[in-house]
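Notes for the one structure printed next.
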Amino acid sequence: MNTIVDLRSDTVTQPSAAMRAAMLAAPLGDDVFADDPSVNALQDQAAVLLGFEASLFMPTGTQSNLCAILSHCQRGEEYIVGQMAHCYRWEGGGAAVFGSVQPQPIEHQRDGSLALADIEAAIKPDDAHFARSRLLALENTWDGKVLPFDYVKQATDFASARGLARHLDGARLFNAATAQEAANGSDIRAEAQRIARCFDSVSVCLSKGLGAPVGSVLCGSRELITRAHRIRKMAGGGMRQAGMLAAAGSHALDHHLERLADDHALARRLADGLQGIDGLQVEAPQTNIVFIDLVGAARARSAELLPYLKSQGVLATGLYRLRFVTHMDVDAAGIDRAIGIIQRFFSR
Ligand SMILES: *Cc1c(COP(=O)(O)O)cnc(C)c1O
């Protein structure tokens, strides 16, 4: 059915027939009255899965991060965050715009982590000159990279010792858990919970590799989620018969966690297939995102590459640094086709 191999993002998937059936069958109510059984079920499921008291269904990951940051921080407070973190760089400055919460970005290390020394240096003394440092926000996976678990533990313990709350933008938390599961021979749910337990709040996207059409969940203590619920209302995120969407999320959590390993295998297949093409520097993928840098003579042809791929039915993003994301609507045949087309382009 899929003649297009769409590797722009893992957000492009279509709900499966089984997911659509679950959506159609979902019992509904008005969630603004807390009456939607399917929303309530998803929220209970996500909280239990990640080991928190409560969770809140969100229309998007962006709103979820916003509600989390504004639940942790008051006006005039700040969150310490990566320079390239989604909840700083890619969310329109929402925390500053809507919450008067100042971001304090710091540079990432190569593996995506924020050095403890840099976090330490960014924490402000209690002095009228400064915004009050209130929160550390990490992201895992970041750019398809898994933050080393020992680092996550250290950084969040350190933040806690310094009086900071800890938020995880875990849009792709289950991709991180999948990679850790493969390394430790553990279980994806146990690994996800191990990471999540280092934080006071965790946001997870249902709409990426998990394959739901929309939605995220924000997990935290009951008190934090009560605050987030009020902010979600202000942000216009109080949805009514949202159970049709929540049912897709529940279906994803029930059936799509294990399959993330398939996406990781496809990413490796793509990376392996593109090794050795002159002018391509392929980064070994840790999860479902493959980055490829164009170097030397290949750079001069970068502007032609994506249009050519598109003309051949393969979609990706980037210019000098290409990004390919695998997901449930691509298969090995599609990846092999993409490899063949890229090889052809560079052999011309
Ligand atoms: C996609 C993404 C988000 C935002 O999710 P939306 O649903 O697109 O708003 C937040 N953080 C990270 C790391 C993401 O990849």
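The values are calculated or read from the model by the stated rules, or taken from the named source; none is laboratory data. Remember, predicted model here, so these are calculated numbers, not experimental data. Every residue, glycine among them, receives a Cβ derived from its backbone with ideal geometry; neighbour counts consider all protein chains shown. Remember, those area values only see protein heavy atoms, side chains included, never the ligands or the DNA or RNA. Shrake-Rupley method; radii C 1.70, N 1.55, O 1.52, S 1.80 Å.
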PRO213 assigned by TED's automatic domain parsing to the domain that holds GLU91 and surrounded by 17 or more Cβ atoms within 10 Å (Cβ to Cβ): yes
Is it the case that GLN63 is polar (S, T, N, Q), in a helix (DSSP H, G or I) and either within 18 Å of the chain's Cα centre (by Cα) or within 16 Å of the ligand (Cβ to nearest atom) (or both)? yes
List pairs: first residue in the range 30-42 and in the same structural domain as ALA247 (by TED's automatic domain parsing), second residue outside any helix (DSSP H, G or I) and among the hydroxyl-bearing types (Ser, Thr, Tyr) anywhere in the structure, Cβ distance under 9 angstrom, at least six positions apart or on different chains. LEU42/SER55
Yes/no for LEU56 being in a helix (DSSP H, G or I) and at pLDDT 95 or above: no
Subset of the range 66-82 (residues that are small (Gly, Ala, Ser), open to solvent by less than 30 Å² (accessible area, probe 1.4 Å) and outside any helix (DSSP H, G or I)): GLY82
Take the residues in the range 255-276 that are in contact with a helix residue (DSSP H, G or I) (Cβ under 8 Å, 6 or more places away or on another chain) and within 30 Å of ALA41 (Cβ to Cβ), then tell me which one is surrounded by the fewest Cβ atoms within 10 Å (Cβ to Cβ). GLU258
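In the set ALA96, ALA115, ALA85, which member is within 23 Å of GLU283 (Cβ to Cβ), surrounded by 14 or more Cβ atoms within 10 Å (Cβ to Cβ), free of Cβ contacts under 8 Å to residues at least 12 places away in the same chain and assigned by TED's automatic domain parsing to the domain that holds ARG194?
From the options ALA96, ALA115, ALA85, the qualifying one is ALA115.
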How many residues are open to solvent by less than 20 Å² (accessible area, probe 1.4 Å) and either of a type outside the set (Asp, Glu) or outside the structural domain of ALA46 (by TED's automatic domain parsing) (or both) if we restrict to the range 134-170? 17
Please enumerate the residues belonging to the range 175-234 that are under 24 Å from ALA265 (Cβ atoms), in a helix (DSSP H, G or I) and more than 16 Å from the ligand (Cβ to nearest atom). GLN180, GLU181, ALA182, ALA183, ASN184, ILE188, ARG189, ALA190, GLU191, GLN193, ARG194
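Conditions tested, residue by residue: (1) touching a Leu at 6+ places or on another chain (Cβ under 8 Å); (2) within 30 Å of ILE289 (Cβ to Cβ); (3) at pLDDT below 95.
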| position | (1), (2), (3) |
| --- | --- |
| GLY99 | yes, yes, no |
| HIS108 | yes, yes, no |
| SER113 | yes, yes, no |
| ILE123 | yes, no, no |
| ARG132 | no, no, no |
Can you name the residue in the range 99-112 that is of a type outside the set (Asp, Glu) and touching a helix residue (DSSP H, G or I) at 6+ places or on another chain (Cβ under 8 Å) and is also most open to solvent (accessible area, probe 1.4 Å) among such residues? GLN102
Could you please let me know if LEU49 is within 16 Å of the ligand (Cβ to nearest atom), aliphatic (A, V, I, L, M), within 22 Å of SER221 (Cβ to Cβ) and at pLDDT 95 or above? no
